[in-house]
Each structure stands twice: as C-alpha cells, then as structure tokens.
Amino acid sequence: MTGALMRRAGWIVMLAGLLATFAIYMQGTGGGFLFDDYPNIVDNKDVQPKELGWVPLVRAALASPASEFKRPLASLSFAANYLLTGSDPEPMKVTNIVIHLLNGIACFFLTRLLLTAVTPPSGIPRWRPDIVAALVATGWMLLPINLTSVLYIVQRMESLANLAVFVGMIGYIKGRQSMRPGQWSGLILSVASITIIPLIGILAKETAVLVPLYALCIELTVFRGQTMGHDGVARRDRRIRAAFVVLLGIPFVVGGAWLSVKLANPRAWASRDFTLYTRLLSECRIVIDYIAWTVLPRGTDLSFYHDDFEISSGWLHPATTLASALGLLAIATACVYWRRRAPLVSLGLALFLACQLLTSTVIPLELIYEHRNYFASYGLMLSLVPLLVTSRVDGGIETSGRPGNFVVPRRVLLCLLMVYWATQTWMTADAWNTPLGLARELAARGPDSPRAQYELGRTYIILSRYDRESPFVALATPPLERAMALPKSSVLPEQALIFLNSRLSLPLKGAWWDSMTGKLAVRRPSIQDESALGALGSCATNDLCNLPRDRMIEAFGVALSHPNPTARLQAMYADYAWSELGDQALATRMIQGAADTNAGEPAYRITLIQLLAAQGRIDDADAQLSRLRRMNIGGTLNHEIDQLTARLAGARRQPK
C-alpha cells in the first residue's frame, strides 16, 4: 500500500496544488475590469456579439486594438464569454483561472519529461520525477508575479498563448525522445510541435513565437544535438542542426530585417519617453528586478503600475544599471558553464533569459509589466525547485535513498517559499476582489505612481455615481491632484477633475486647464493623453459637461501641434469640431487626416464618407466608398457598405 501511495504521490501533490491555486484565485473574482480591459473588452462592441454567426465572429476575431496582428483567438474567447454570461467580469475571471490551471497541468507534464530526460533511467524510482514536477508546477501556479496573467482579464492573451508554448515544448521533447537514425516520425513530431502549435498560440498573443527558441535551449542543455541509435549509443544528428537553421535561423534574419525597418521609423518611438539606448539600459535593471519579484517579492514590488520607474540614462545613472548588466552577463555565463554539470539549472535560466528577448529588448513597448514573466517564471522554478528538493545540488534526481548536501534545510526552505508565495498571492487576490479594495491597495503600493493615484481617484468618481451628496466626491479630489503633480503624469487626472466637477456643476479650476495644456505642449501626447481629450470631447458633445470651448480648442490645438499626430487624436477632434463647434470644414479635414494616417482602419473611412455625404459632396463620398469596398475582407463591412450605398443613392435622388 505504501509503495502504491508513493508511486501516486506526485499526482496527489499536483491535485493539492491545483485545488490550492483554485481556492486562492477565486478570492479575486469579485472585482471589476481594469486598465486595458476597457479598450479590449468593455468598450469594444465587436467582442460583444448579440448572436452567433459568421460575420459577428469575424468581427470579434479582428477586434483587438492591442496589436496589429489582432490576436483573434483571445478576442473570440472574450466573445464566447459575452455570449454565455454577458458583460459580467466574474465569469471571465473564472475562465482565466481555468486556463491557468490547464497551464499548470501542462507545466507538470513538461517538467516531468525534462526530469526524466536529463537523468539516467536506471535506478530512479518512478514517483520521484512526478513529485518534483508537481512541486515545480505548484510553485509556478502560486507565484505572486503571475497573478496579473490570471485576474487581469485581458491578459488571457498571455495565458492562452502560454498554453500553446507548454504543449509545443512537450511535443518537441516527445518527438526527440522517439527519434532514431533513418526514421523521420520523431523529427516530424518535433518540428510540427514547434511550428504548428505556436502558430495557434500566436493567434492569442505573439509571445508564442519564441517556442523554437525555447526548443533550442532544450536541445543545447538536454539532448545536445544527439539521437539515440538502435545500439543504445547517442550520436550527433545533422538533421537537428538543419531543422533549427530553417525554423529559427532564417525567420530570425527575416524578422530582424522587418523589425529594423519598423524601428527606424521615428513614429515608433514618438509616444515613448525613452529611446532605444535608454530602453536597453533600463531593461537590464528591470530583468534583474523580475528575478527578485518572482522568487522573493516584497509587498510593494508587485504594484501593477510601474510608471514611476526611473529610466536609465547611462551606465551609472543610476549606478545599478551597470551592476544589473553584469548580473545578466553572469547569468548567461552560468547557463553555459552549468550546461553539463546541472542541465536543469542551465535550462531554467536560459528559458528565463530567452523569454525576455521579445518584450525586454528593442521593441518599443512599455518598460515593465509583470505578466511578461508568465513563462519566464517557469524557467526560474525549473532552476530553483529541483535544486532545493532533490539530494543532488545539480538539480538532478537522486539515484540513491541517502540524502546529502543539506537536503533537509533546502527542503524546509522550499516549504517556506511555497507558503510565502501562496500567502502573497492570496492577499493580493483578496485585494482584487473589489474595485475599491484593489484601487486602494495599488495606490498604497505605488505612492509615486501617477496611474495608481489616478485609478484611486477614478474609482471614487465611479462610486459617487455623480451624486453631489456622495462622500466619495470629496475623496476623489486629493488622489487626482496628487497624481496630477507627480512627474511623468498624463493629463488623465486633470481630465477626471474637470469631468467630475463639470458633471456636478461645480467650479472648474483654471489650474487644471493650465496643467493640461502645459503637459500637452512639452511632449507628444501619449495614448492616455489622447483618451483624456477624447473623454472630455465626448462629455461635451453628449451634453453631459458644460466645458469652455476656448479651453477645449486650445487643448486639442496644442496636442495636434506635434509632428505626425495619430489618427485617433485627429478623429477625436473631428468629432468635437462637427458635433460641438459646428465647423464642418475642420471636422472633414481632421477625419481625412485620420483616414490617411491609418489607411487600414475602416472606421475612419466610414466617418469620412458620412461627413462628406452630410455636406452634399456625393462624388467625393463615392470615391471614399470605393476605397472602403477594397477593405471589405471576408464581408465584415457588408452592413456598413450597404447602409452607406443606400444613403448616397438617396442623396443623389434628392433635388439640388
């Protein structure tokens, strides 16, 4: 009985880990939407279909504003949630938890395969790899740094893509283990696993594109380019090198050339407060921070908003920049040095570094996000947990029953870490359970974060329901004014103060307008700045706010004075000029600029046609309608084109 129980011990540990993870994360399902949830889900009507059908599903699949690749699989999953349970965020969070648990199960199988691949099969009790794999998976599922990939609804994109990453790597290892000289089935399975499956993952998020690189890390540390012969002797296999040249080398060259062209465009960096050089310097510190936040995070580390981060301007500004770069170099050196002595440690560190290549190098993304470590944290767990739980300090599985090398203290340390991770995740999940609780928690963790302070004030505004007698009205102003005064703050705090006081017919401070135009004058408007202006414009055009037109014209004018204004900003001003100012010429000029700036977005073209038709410029509208028809891929614009065609036909029949 005891032997049978021990053989099942890994599965028991894994089940306990799944149940604990589920129970902890369910504490956070009561909260609402957050940050990028709004443009991707709440305000995105295309992922809120009223019925099943080809056209609504195609619309949903192509609805994401988060990427030019649209991430259709993730968007379709949001649409499925909406069809089943409406706009309630709780079922969406439960769906994310289920995906996280599926990732945990895949993590278990991947780790078990790796553990058996790096150790000789003789003399190893079958249950020990299962236990170690279950501990790795459980630790990974409980890590506090992964919470935003689960409870932050829009980051289902990350967790869905990661599921494909795990499955692809499992398939690669299974294929490699079955490879034999002169046989091709194993190679076909390996190649298919790191090409076809990642292509599915990319439909959720582009991070799945790194699977071939992860497979190369496994190849260099575990299989080392060798295939087991029929005689039981491992030999070099040239097919492996050829496969990686085709699957990784050629795409790297082509992708690098394509990316170089994009990065050479000044618009790629125009909305950022960093350059390529300062970004790379800063990411040295950030990646080292990610390690600390994964293994032993402090309460204030995982604050979701990191806009108070000090960008590195040189190797010694701040001084930790150079130290962090040397630390990364040391980790890379350790990967090479430990490749044979401690393959799991080497592989885990290599996977961590490889995961950072996409989001922590040259692409001009925002500098810091915790969810970018969803897979990277697995690499650290693969390096750390076997090192602590097994009796061999190289992280392998012991072949004898005699423990050594301080194995008991190391296992006690692992237990303490597991408890710490679970406690931190539970406490944070509990804060996520209500919008106000989360806003207060994040504001406390990030006192110098403009976004965190703004979100607290914004939450008070929402809770006030624009009732002058609500106690939340008075509570909203201090954090918003604090956010307004912080360095690198957007104009969102000013917008919120103006919006709230105008809605309640309270006085508007001139200092708020001055602060807004001052910020817009000294820097190119960010996405947040544009959203703020758009919100004020909508409030005015919907007759919810009585805003001084001269101040609004000044704010839009300053924002548009920078070179190459975005299509979004031009479209916002077009709407304000048409609806509030009654200036048809200005509105048409602005929406024409938006359509020309982003020629691939049909919404701007549709609005332009409507404005031209309203002015009686039917021939011009017809020309734009012809361009819109060329954009009608898959019939997704049939309804709009039919409506516009009928409108123009009716306008032609009217007497002049």
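A quick yes/no check of all residues on (1) in contact (Cβ under 8 Å) with a residue 40 or more places away in the chain; (2) buried (at least 16 other Cβ atoms within 10 Å of the Cβ); (3) of a type in the set (Phe, Trp, Tyr):
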residue	(1), (2), (3)
ARG465	no, no, no
SER470	no, yes, no
MET484	no, yes, no
VAL491	yes, yes, no
ALA496	yes, yes, no
PHE499	yes, yes, yes
LYS509	no, no, no
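Please verify whether the range 50-62 includes one or more residues that are in contact (Cβ under 8 Å) with a residue 60 or more places away in the chain and buried (at least 18 other Cβ atoms within 10 Å of the Cβ). Yes, the range 50-62 contains at least one residue that is in contact (Cβ under 8 Å) with a residue 60 or more places away in the chain and buried (at least 18 other Cβ atoms within 10 Å of the Cβ).
Is it the case, given these coordinates, that LEU322 is in a helix (DSSP H, G or I), hydrophobic (A, V, I, L, M, F, W, C), modelled with pLDDT of 95 or more and within 17 Å of GLN356 (Cβ to Cβ)?
no
Of everything in the range 432-443, what is in contact (Cβ under 8 Å) with a residue 24 or more places away in the chain and part of a helix (DSSP H, G or I)? Give them in sequence order. Across the range 432-443, the qualifying residues are PRO435, LEU436, GLY437, LEU438, LEU442, ALA443.
Residue-wise test of (1) modelled with pLDDT of 90 or more; (2) touching a helix residue (DSSP H, G or I) at 6+ places or on another chain (Cβ under 6 Å); (3) closer than 28 Å to GLY457 by Cβ; (4) assigned to a helix (DSSP H, G or I).
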site: ALA16; (1), (2), (3), (4): yes, no, no, yes
site: THR21; (1), (2), (3), (4): yes, yes, no, yes
site: GLN27; (1), (2), (3), (4): yes, yes, yes, yes
site: LEU57; (1), (2), (3), (4): no, no, no, yes
site: PRO65; (1), (2), (3), (4): no, yes, yes, no
site: LYS70; (1), (2), (3), (4): no, no, no, no
site: ALA79; (1), (2), (3), (4): yes, yes, no, yes
site: LEU84; (1), (2), (3), (4): yes, no, no, yes
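The condition (being surrounded by fewer than 21 Cβ atoms within 10 Å (Cβ to Cβ), at pLDDT below 95 and at positive phi) is satisfied by just one residue among GLY600, GLY582: GLY582.
Yes/no matrix, rows are residues, columns are (1) more than 13 Å from LEU520 (Cα to Cα); (2) over 29 Å from the mean Cα position of the chain (by Cα):
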{"site": "SER538", "(1), (2)": "yes, no"}
{"site": "ASN542", "(1), (2)": "yes, yes"}
{"site": "PRO548", "(1), (2)": "yes, yes"}
{"site": "VAL558", "(1), (2)": "no, yes"}
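Residues of the range 17-40 that are within 18 Å of ALA532 (Cβ to Cβ), open to solvent by 40 Å² or more (accessible area, probe 1.4 Å) and not aromatic (Phe, Trp, Tyr): ASP36, PRO39.
Of the listed requirements (1) surrounded by 18 or more Cβ atoms within 10 Å (Cβ to Cβ); (2) at pLDDT 95 or above, PRO478 misses just one: (1).
Has the range 240-253 got at least one residue that is touching a helix residue (DSSP H, G or I) at 6+ places or on another chain (Cβ under 8 Å), surrounded by fewer than 17 Cβ atoms within 10 Å (Cβ to Cβ), in contact (Cβ under 8 Å) with a residue 40 or more places away in the chain and assigned to a helix (DSSP H, G or I)? Looking through the range 240-253, none of the residues is touching a helix residue (DSSP H, G or I) at 6+ places or on another chain (Cβ under 8 Å), surrounded by fewer than 17 Cβ atoms within 10 Å (Cβ to Cβ), in contact (Cβ under 8 Å) with a residue 40 or more places away in the chain and assigned to a helix (DSSP H, G or I). Which of (1) open to solvent by 20 Å² or more (accessible area, probe 1.4 Å); (2) touching a residue at least 12 places away in the same chain (Cβ under 8 Å) is the odd one out, the single condition THR221 does not satisfy? THR221 satisfies every listed condition except (1). The set of residues from the range 532-546 being more than 14 Å from TRP578 (Cα to Cα) and surrounded by 20 or more Cβ atoms within 10 Å (Cβ to Cβ) comprises ALA532, LEU533, LEU536, CYS545. Among the residues of the range 202-209, are any farther than 19 Å from ILE99 by Cβ, open to solvent by 20 Å² or more (accessible area, probe 1.4 Å) and of a type outside the set (D, E, K, R)? Yes, the range 202-209 has at least one match. The criterion of at least 2 residues that are over 22 Å from VAL491 (Cβ atoms) is met, among helices (runs of 4 or more DSSP H) falling completely within the range 526-635, by 584-597, 602-614, 618-630. Being among the small types (Gly, Ala, Ser), touching a residue at least 60 places away in the same chain (Cβ under 8 Å), within 21 Å of ALA137 (Cβ to Cβ) and out of contact with any Gly (no Cβ under 9 Å at 6 or more places or on another chain) is a description that does not apply to ALA350. Restricting ARG647, ARG617 to those that are surrounded by 15 or more Cβ atoms within 10 Å (Cβ to Cβ), farther than 20 Å from ALA571 by Cα and at pLDDT 85 or above reduces the list to ARG647. Of all residues in the range 139-190, those that are out of contact with any helix residue (DSSP H, G or I) (no Cβ under 6 Å at 6 or more places or on another chain), in contact (Cβ under 8 Å) with a residue 12 or more places away in the chain and open to solvent by 30 Å² or more (accessible area, probe 1.4 Å) total 5. Filtered by the rule that a residue be over 25 Å from HIS317 (Cα atoms), assigned to a helix (DSSP H, G or I) and of a type in the set (S, T, N, Q), the range 255-293 gives a lone residue, SER260.
What about GLY518, is it at pLDDT 95 or above, small (Gly, Ala, Ser) and either at positive phi or open to solvent by 10 Å² or more (accessible area, probe 1.4 Å) (or both)?
Taking the combined requirement at face value, the residue satisfies it.
Whether a residue is among the aromatic types (Phe, Trp, Tyr) and either in contact with an Asp or Glu (Cβ under 9 Å, 6 or more places away or on another chain) or surrounded by fewer than 24 Cβ atoms within 10 Å (Cβ to Cβ) (or both) was assessed, and PHE108 passes this test.
This table checks each residue for (1) farther than 23 Å from ASN162 by Cα; (2) modelled with pLDDT of 95 or more.
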| position | (1), (2) |
| --- | --- |
| ASP301 | yes, no |
| SER312 | yes, yes |
| GLY327 | yes, yes |
| ALA342 | yes, no |
| THR359 | no, no |
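On inspection, ALA354 fails the criterion of being assigned to a helix (DSSP H, G or I) and closer than 30 Å to VAL412 by Cβ.
The values are calculated or read from the model by the stated rules, or taken from the named source; none is laboratory data. Since we're looking at a predicted model, the values are computed, not measured. Glycine gets a Cβ as well: all are built from the backbone with ideal geometry, and neighbour counts include every protein chain shown. These area figures cover heavy atoms from the full protein model, side chains too; ligands, DNA and RNA do not enter into them. Shrake-Rupley method; radii C 1.70, N 1.55, O 1.52, S 1.80 Å.
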